[in-house]
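Below is one structure; the comments refer to it alone.
The values are calculated or read from the model by the stated rules, or taken from the named source; none is laboratory data. Remember, it's a predicted structure, so these values are computed and weren't measured experimentally. Neighbour counts are summed over all protein chains in view; Cβ atoms, including those assigned to glycine, are modelled from backbone coordinates with ideal geometry.
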Amino acid sequence: MDGREVELRVAARPAHLSTVRVVAKAVARSTPDLAIDLVIAVDEACTALIARARAGAQLLCRFAREGDSVRFRAQVRSSAVTVPGHDSLYWRVVSSVTDAVATWVEGDGHLRVELRCRA
């Protein structure tokens, strides 16, 4: 899957987290340690996005395998004007299992997350 991107759109509801986790595991399946870290990070990131999503919003997730790493990007329509703080459980968990993570609010009303996990 190197160099290609997988896109997944689901309703921004906790019931769909298991689907997102399955895709994360499949993207990183060739490297067990990477798969574990990616599933943890993706689950936590999507949980944070879903908690801040507008009613009826879609969660858009993109996975890209790039050499020995996976880049994950996700977004959701949100009325949030701030992102989870660096002292939050979300930030602690995600930053402990990733090599890079960023969370921000766009002017168009989207809350976004981008992270990278390396094998």
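Below, the figures for the structure above:
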{"item": "Any pair with Cβ under 6 angstrom, 6 or more apart, that starts in the range 28-48 at a residue that is within 17 Å of L59 (Cβ to Cβ) and ends at one that is of a type in the set (S, T, N, Q)", "result": "A41/T98"}
{"item": "Pair list, Cβ under 6 Å, 6 or more apart: the range 96-108 residue more than 17 Å from G85 (Cα to Cα), other residue modelled with pLDDT under 95", "result": "D99/R118"}
{"item": "Enumeration of residues in the range 102-117 that are over 22 Å from A11 (Cα atoms) and either crowded, with 21+ Cβ neighbours inside 10 Å or acidic (D, E) (or both)", "result": "C117"}
{"item": "Q75 being farther than 25 Å from I36 by Cβ and in contact with a strand residue (DSSP E or B) (Cβ under 6 Å, 6 or more places away or on another chain)", "result": "no"}
{"item": "Qualifying residue in the range 50-59 (condition: closer than 18 Å to E5 by Cα and of a type in the set (D, E, K, R))", "result": "no"}
{"item": "Search result, residues across the range 79-119 that are over 23 Å from V39 (Cβ atoms) and of a type outside the set (A, V, I, L, M, F, W, C)", "result": "S79, T82, G85, D87, E106, G107, D108, G109, H110"}
{"item": "Exclusive hit being among the small types (G, A, S), within 21 Å of G109 (Cβ to Cβ) and surrounded by 14 or more Cβ atoms within 10 Å (Cβ to Cβ), set A24, A57, A35", "result": "A57"}
{"item": "The range 64-93 - residue that is modelled with pLDDT under 95, under 22 Å from S30 (Cβ atoms) and not hydroxyl-bearing (S, T, Y) and, of those, surrounded by the most Cβ atoms within 10 Å (Cβ to Cβ)", "result": "R65"}
